[in-house]
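Notes follow once the structure below has been shown.
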Amino acid sequence: MLKEKRVAFHTLGCKLNFSETSTIARQCEKEGFNRVDFQEEAEIYVLNTCSVTDNADKECRRLIKKAKERSPEAYIAIIGCYAQLQPEEIAALDGVDLVLGATEKFKLPTYIHSLLQDESVETVHSCEIEEADHFEGAYSIGDRTRAFLKVQDGCDYKCTYCTIPQARGISRSDRLENVLKNAKEISDKGVKEIVLTGVNIGDYGKGELGNKKHEHTFLNLVEALDQVEGISRMRISSIEPNLLKNETIDFVSQSDLFVPHFHIPLQSGSNKLLGLMRRRYKRELYVERVERIKAKIPNCCIGVDVIVGFPGETDELFMETYHFLNELDVSYFHVFSYSERANTVAAEMEEVVPKNVRSKRSKMLRVLSAKKKRKFYEENIGKKGKVLFEFENKNGFIQGFTENYVKVKVPYDPSLKNQTVDVEMTEIDNEDGLMMAKLLFVPQIINE
């Protein structure tokens with residue numbers, strides 16, 4: 001009977017959440033559950049939530065409603081950051097049967113079994129966040145040509161706008177031998193690219209028990225992963241500027257496996273606002289990092305996170321950020337409008353920026369980001385690169401990314417799926433902004 005039980009997953013938020021959802025889903029499959037798409041009918045729906053912005057909370061509620069409309073008798077389990085931060089609030093939502101916090105989510109199959117056998121089971125299972133000091137390894141597989149490999153969790157930083165330390169606990173890292181084991185498992189499944197992920201991956205090296213030191217640093221991790229066989233490329237996800245050391249930049253510049261792409265949170269180009277945010281660097285350090293990268297890896301793609309509308313951000317301070325980004329040699333931005341989060345220092349600050357002003361500033365930076373991205377793509381026209389093609393047929397084209405994160409499309413050819421192919425980038429398609437390319441080599445796929 002258990003094998004007839006269908007379970008569907010949906011993930012909100014970051015790459016780290018995707019890696020954990022995939023691992024938890026595999027646990028359920030090992031226990032005999034049949035995983036189906038979230039749009040299909042199922043007996044159990046699982047939402048892995050984010051709580052970085054108010055929109056993430058609203059989307060969670062919307063998806064709960066949709067799942068109940070699709071399968072009125074289904075059980076609904078909510079896991080992830082929102083579940084840890086607001087368990088009682090979520091438990092009170094109509095249709096929610098199970099809420100699992102930061103550590104309990106990795107025991108989901110056990111809780112589902114209990115739910116199926118006893119309808120009176122408690123709804124909320126959430127630890128005190130101080131208890132979340134054990135590292136749980138995870139990686140995503142099967143959903144993309146890329147796999148997200150979790151190497152670190154939690155955060156010891158106290159940024160005034162952020163709830164992640166409350167949702168995920170202290171900084172802690174996976175053991176190097178376990179990271180390498182997981183990377184080998186990913187490689188054995190035919191995945192071509194691994195993206196290293198965590199809450200604060202540059203902090204890699206903190207042990208499973210708080211500040212207990214590993215014998216390894218982030219540089220040691222990168223050097224060890226550079227030796228993994230069967231993977232075409234490794235990508236470093238978001239890394240704090242103060243933790244992105246020159247040694248790491250230099251190593252990536254010489255590596256055949258690690259790609260020329262960094263995503264470095266900035267949050268503000270104003271030192272005054274960086275201080276109010278309790279960030280651990282000033283804008284001058286950020287400039288140093290960008291200049292070092294571009295000197296060592298001229299074709300490197302650099303992405304930026306930036307927050308607009310933080311309390312105290314006057315028009316003058318916003319324009320300071322705008323001009324700073326305009327002059328910086330970066331490739332694109334992820335722009336976030338500041339969102340008040342309960343139990344944060346920033347939520348109590350004065351000089352609140354009206355939401356319509358936040359929206360206007362966000363649009364200004366998104367336009368600037370589009371110009372930056374266009375300029376970066378134009379610089380790549382006529383250059384050669386390697387593209388890892390994805391699976392979908394999108395309007396007669398197959399798409400993929402170069403090592404330095406240029407999104408390329410060529411006429412659809414199923415033999416290109418999950419293949420790394422040499423191309424020459426020819427022109428930008430003005431309709432969708434993607435790079436058109438000419439194949440320099442078409443792999444011959446032999447069906448075994």
Exercise. Hey, any hits in the stretch 211-219 for a residue that's more than 22 Å from residue 404 (Cα to Cα), surrounded by 16 or more Cβ atoms within 10 Å (Cβ to Cβ), touching a helix residue (DSSP H, G or I) at 6+ places or on another chain (Cβ under 8 Å) and not assigned by TED's automatic domain parsing to the domain that holds residue 346?
Worked result: yes
Seminar exercise, completed: When residue 339 is run through (1) among the hydroxyl-bearing types (Ser, Thr, Tyr); (2) modelled with pLDDT of 95 or more; (3) not in a helix (DSSP H, G or I), the failure sits at (2)
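Would you confirm whether any residue within the stretch 48-70 is within 18 Å of residue 114 (Cβ to Cβ), touching a residue at least 60 places away in the same chain (Cβ under 8 Å) and not assigned by TED's automatic domain parsing to the domain that holds residue 154? Walk me through it before giving the result.
Initial filter on the stretch 48-70 (within 18 Å of residue 114 (Cβ to Cβ)): none.
Looking for residues that are within 18 Å of residue 114 (Cβ to Cβ), touching a residue at least 60 places away in the same chain (Cβ under 8 Å) and not assigned by TED's automatic domain parsing to the domain that holds residue 154, one finds none in the stretch 48-70, hence no.
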For this session: Determine whether residue 375 is in contact with a Ser or Thr (Cβ under 9 Å, 6 or more places away or on another chain), surrounded by fewer than 16 Cβ atoms within 10 Å (Cβ to Cβ) and either within 30 Å of residue 440 (Cα to Cα) or in contact (Cβ under 8 Å) with a residue 12 or more places away in the chain (or both).
Result: yes
Exercise. Would you say residue 352 is surrounded by 14 or more Cβ atoms within 10 Å (Cβ to Cβ), modelled with pLDDT of 95 or more and more than 30 Å from residue 248 (Cβ to Cβ)?
Worked result: yes
Exercise. Which of the residues spanning the stretch 163-181 are closer than 22 Å to residue 142 by Cα and surrounded by fewer than 22 Cβ atoms within 10 Å (Cβ to Cβ)?
Worked result: 178, 180, 181
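Can you go through 191, 199, 179, 195 and tell me which one is in a strand (DSSP E or B) and within 21 Å of the chain's Cα centre (by Cα)?
Numbers: 191 fails: in a strand (DSSP E or B); 199 fails: in a strand (DSSP E or B); 179 fails: in a strand (DSSP E or B).
Criteria check complete, one pass: 195.
Of the residues 337, 253, 270, only one is in contact with a Lys or Arg (Cβ under 6 Å, 6 or more places away or on another chain), among the hydroxyl-bearing types (Ser, Thr, Tyr) and buried (at least 19 other Cβ atoms within 10 Å of the Cβ); which?
The unique qualifying residue is 337.
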Exercise. Is the stretch 6-13 home to any residue that is of a type in the set (Ser, Thr, Tyr) and within 21 Å of residue 121 (Cα to Cα)?
Worked result: no
Exercise. Which of the residues spanning the stretch 13-43 are modelled with pLDDT of 90 or more, hydrophobic (A, V, I, L, M, F, W, C) and not in a helix (DSSP H, G or I)?
Worked result: 33, 36, 38, 42
For this session: Can you give me the number of residues within the stretch 310-331 that are free of Cβ contacts under 8 Å to residues at least 60 places away in the same chain and either buried (at least 21 other Cβ atoms within 10 Å of the Cβ) or of a type in the set (Asp, Glu) (or both)?
Result: 9
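The values are calculated or read from the model by the stated rules, or taken from the named source; none is laboratory data. Only a predicted model underlies this, so the values are computations on that prediction, with no experimental measurement involved. Using ideal geometry, Cβ is built from the backbone for each residue, glycine included, and neighbour counts are taken over all protein chains shown.
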